[in-house]
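Presented below is the structure to which this report refers.
The values are calculated or read from the model by the stated rules, or taken from the named source; none is laboratory data. Note that this is a predicted model, so its numbers are computed, not measured. Using ideal geometry, Cβ is built from the backbone for each residue, glycine included, and neighbour counts are taken over all protein chains shown. Protein only, heavy atoms only, side chains kept; ligands, DNA and RNA dropped before computing areas. Shrake-Rupley method; radii C 1.70, N 1.55, O 1.52, S 1.80 Å.
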Amino acid sequence: MTEEIFDVKAIAATSSLATREAAKNLFDHIRLNENLAIAILDFSSITFISRSFADQLLKEQVKAFNTSSIVVQLLNVPADVLAMIDKVSATQQKTGFDRSAVPVVRFADAETLNNFLVSI
Amino acid sequence: MNITVQLIDNQDAFGRPIGELLRIIEIVDSTDLNDEIIIDLSRCRFSNPFLLGGLVVIQKAFEKKGYNIQFNRNFADARFAAYLEHILFPRCINPVSFADDSYDVFFRNYRNRNFIPLTIYPNNLSPDDARKREHFITEVTQLIINRCRLAGDIGQAMRYIISEALDNIIEHSRSEFSIIFAQFYPNLGYLDLIISDCGIGLLGSYQRRPDLFPHVASHTDAMQRAIDGQSTKGDELNRGFGIRTSRNMLVDGLNGKYFLMSGETFYFHDRGQSRIGTTGKASFDGVFLALRVPIGDNRNFRYTDYLE
């Protein structure tokens, strides 16, 4: 099983992601890697994502999973960015777009994981 | 070398006891097989069912691998010691050990308690013992429903959620047992329920069917398929609804919390968020289901609205 970390800011060349196109380009970049099982998207230094970007990100995640069995995990996601992804994910599931459009979060360390668990 | 894990847990946060459980799994997993491991509950004044039920399962899971895990029973708090006696921690009650006509006597002791006993259901039973198990599942579920006064549709939802979770373990887990444990908090208005096993987990279950799922390689992948309702039995028309329907009833219908963990992956869903996460170095052998069921005003909940 191969996994690779993708630096979202480096690939998009910006810390603020506004368009669907940016999400599509990110996944085009991911798909260049053959035999990839887990794609870890590192959101370090990303300060903003739009609703459009989040919507397309989740759609691309579902597409990568359904067509290539690539599991997409999110790493170092700032709270505001994750909140946007959560909102869009909830809407997608409610409208029945695809039930697997659930963000997969990879916690950077045990403390971050524990902080999440304490918060729920 | 003895390793003592200190447990102090007097808060009712949903995820905190699960975090403690993961911390203990990580410590045990890094311990040499020949070491005696003592899990020390002596300083506890309270503990959540997710932690106590989880400890029973990980004790059995690690014992299967050859570890020797014991619990320190020199308690500072006599009431907590008595509580552990009442819930039968860590030995559990096994329905197969009962004569058919002795159930009533046993359950009478729990009618006015805010908990059910830690119950272990063996798998791979003879038809007679399987009938006992079925009877016991009914009694334990009814105990929860009566104690929490879950009338009508909410009671039906509890029956659905518990039976689906236990049936999944019997059908898919290849575990030697399943456990169920619940604690009711009348002042806080909710019930915490854990159902767990130490079998092959979601990933193992999918990997047993390479004809249907040839590319499932990670716990995350398996979790996504499970919550999406992809059945390892291959009959998509009539299977695969259990997890999804239970989750929808609990979260959308009753405003509860749903936490499912297997291997190095968990799934958490409440009305605010839905997410899969990775547990780092701690890996749970089998499946761990933790549910918080609000016992409030759910008069508008209709059980049949959630059936698929």
Exercise for review: Would you please give the residues with an amide H less than 5 Å from that of residue A:72, counting only those at least 5 places away or on a separate chain, with H modeled from the backbone geometry?
Suggested key: A:39
Study note, to complete from the structure: Sequence order, the stretch B:32-37: Karplus ³J(HN,Hα) from phi using 6.51 cos²θ - 1.76 cosθ + 1.60, θ = phi - 60°, Hz rounded, Gly and Pro as x, gives 5, 4, 7, 6, 7, 10
Review point. Could you work out the helix-only [θ] at 222 nm for chain B, with each DSSP H run of four or more residues adding -39,500 (n - 2.57) and the total divided by the number of residues, to the nearest 500 deg cm²/dmol?
Key: -11000 deg cm²/dmol
Practice item. Keeping every protein chain in place, order B:299, A:20 by accessible area at 1.4 Å, biggest value first, i.e. largest first. Key: B:299, A:20
Exercise for review: For the protein assembly as shown, evaluate the Debye formula with one uniform point scatterer on each Cα (no solvent term) and list log10 I(q)/I(0) at q = 0.06, 0.09, 0.10 Å⁻¹, rounded to two decimals.
Suggested key: -0.25, -0.57, -0.71
Review point. What shape does chain B have by the C-alpha gyration tensor, where a ≥ b ≥ c are the square roots of the eigenvalues, rounded means a/c under 1.5, and otherwise prolate means a/b greater than b/c and oblate the rest?
Key: rounded
Review point. What shape does chain A take by its C-alpha gyration tensor, where a ≥ b ≥ c are the square roots of the eigenvalues and a/c under 1.5 counts as rounded, a/b above b/c as prolate, and the rest as oblate?
Key: rounded
Review point. Which ³J(HN,Hα) values in Hz, rounded to whole numbers, follow from the phi angles of the stretch B:244-249 under the Karplus curve 6.51 cos²θ - 1.76 cosθ + 1.60, where θ = phi - 60° and Gly and Pro get x?
Key: 5, 5, 4, 4, 5, 4
**Study point:** Vicinal HN-Hα couplings computed from phi for the stretch B:297-306 (Karplus, 6.51 cos²θ - 1.76 cosθ + 1.60; Hz; Gly/Pro x)
**Key:** 7, 10, 4, 8, 5, 10, 3, 5, 5, 9
Point to revise | Positive-end residue of B:268, B:34, B:251, charge dipole of chain B with Cβ unit charges | key: B:251
Review point. To the nearest 10 square angstrom, how much accessible area does residue B:169 have with a 1.4 angstrom probe?
Key: 10 Å²
Check your understanding: How much accessible surface area, in Å² rounded to 10, belongs to the heavy atoms of residue B:111 with a 1.4 Å probe?
Key -> 130 Å²
Practice item. Just flag the GluC sites (Glu not before Pro) in the stretch A:10-78 sitting in loop per DSSP whose Cβ has no more than 16 other Cβ atoms within 10 Å. Key: A:34
Practice item. Using Cα centres only, tell me the gap between the stretch B:116-153 and the stretch B:265-293 in whole Å. Key: 24 Å
Practice item. Lys and Arg at +1, Asp and Glu at -1: add these up for the other residues within a Cβ distance under 9 Å of residue A:30 and post the number. Key: -2
Study note, to complete from the structure: Between residue A:6 and residues 5 or more places away or on another chain, the pairs with built amide H atoms under 5 Å apart involve A:40, A:41, A:42
Exercise for review: At 18 Å minimum axial length over the Cα atoms and a Kyte-Doolittle cut of -1.0, report the qualifying DSSP H helices in chain B, or say none.
Suggested key: B:16-29, B:49-64, B:127-147, B:152-168
**Study point:** chain A - accessible surface per residue (Å², probe 1.4 Å)
**Key:** 47 Å²
Revision key, fill the gap. So the compactness index of the stretch B:24-180, its C-alpha Rg divided by 2.2 N^0.38 Å, takes the value 1.12
**Study point:** Per-residue SASA entry for residue B:202, accessible area with 1.4 Å probe, Å² rounded to 10
**Key:** 30 Å²
Review point. Under a 1.4 angstrom probe, counting protein chains only, how are A:69, B:196 ranked by accessible area, largest first?
Key: A:69, B:196
